[in-house]
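K.L.:
Pasting a structure here, questions to come.
Derivation of every value follows stated rules applied to the coordinates shown; laboratory data play no part. Remember, predicted model here, so these are calculated numbers, not experimental data. Ideal geometry is used to build each Cβ from the backbone, glycine not excepted, and the neighbour counts take in all protein chains shown.
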Amino acid sequence: MNAERIQEVDNEIAGSDKQVVMFALEWCEFCWAVVKVLDEYEVPYRIINLDSGDYVEGNRGREMRLALNEKTTWITLPQIYINSEFVGGCIDIFDECKDGKLQAHLKASDINFNSSVSTDALTFLPSWLHPR
């Protein structure tokens, strides 16, 4: 494993100017859905698109995905962190939205968000998915 990429992932998680950090792919519909929910709730976040041009040289994006896999054992994206704590992916965030755990986590982390939102996060999932 590339120690430089592991350190880079750790730095991105811990040193972000936003307390919510999401590792994502630009083309991923599940990543888009999470962005829509975070925007709906007006949650400040930082997105790191590992397939963007910034991560192509030297296969940096792939190496960072491998580093994330080593940290979480997850191979899928998005991977979302709140105050450096891994909270999961798309469906995890949506389930926490539905039961109020996400809002409680944001409050406990002193992260401002629009608490008046009552939209069902699952409506942001791609339309080709079967209803849950």
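K.L.:
Going by average Cβ density within 10 Å per residue, which order do the peptides 70-76, 34-40 take, highest to lowest?
P.N.:
Ranking the peptides 70-76, 34-40 by packing returns 34-40, 70-76.
K.L.:
Still on this structure, I have one more. Which percent, nearest 5, of DSSP beta bridges in the chain are antiparallel?
P.N.:
Working: 7 of 11 bridges.
Taking every DSSP beta bridge with both residues in the chain, the antiparallel ones total about 65 percent.
K.L.:
Sticking with this one: Taking the highest mean first, how do the peptides 47-54, 106-113 order by number of other beta carbon atoms within 10 angstrom per residue? Don't skip to the end; give the middle numbers.
P.N.:
Numbers: 47-54: 16.5, 106-113: 13.8.
Result, highest mean Cβ count within 10 Å first: 47-54, 106-113.
K.L.:
Something else: Summing +1 for each Lys or Arg and -1 for each Asp or Glu, what net charge is found among the other residues whose Cβ lies under 13 Å from the Cβ of Q19? Let's see the in-between values first.
P.N.:
Values: positive: K18, R46, K107; negative: E12, D17, E85, D110.
That works out to -1.
K.L.:
Moving on. Among S116, L50, G100, pick out the residue whose Cα is farthest towards the positive end of the charge dipole of the stretch 17-132, where Lys and Arg carry +1 and Asp and Glu carry -1 on C-beta, about the Cα centre.
P.N.:
Toward the positive end, the furthest listed residue is G100.
K.L.:
Still on this structure, I have one more. Once the convex hull of the alpha carbons of the chain is built, what does its volume come to per residue, in cubic angstrom?
P.N.:
Numbers: hull volume 14.0 nm³, N = 132.
Spread over its residues, the Cα hull of the chain gives 106 Å³ apiece.
K.L.:
Counting Lys +1, Arg +1, Asp -1, Glu -1, what net charge surrounds G58 among other residues with beta carbon under 11 Å of its beta carbon?
P.N.:
Taking every Cβ under 11 Å from that of G58, the sum is 0.
K.L.:
Size of the dipole of the chain about the Cα centre, Lys and Arg at +1 and Asp and Glu at -1 on the beta carbon, nothing else charged, in debye to 20? Each step should come with its number before you reach the end.
P.N.:
On the way: 12 positive and 22 negative charges, 48 e Å.
Here the chain has a charge dipole of around 240 debye.
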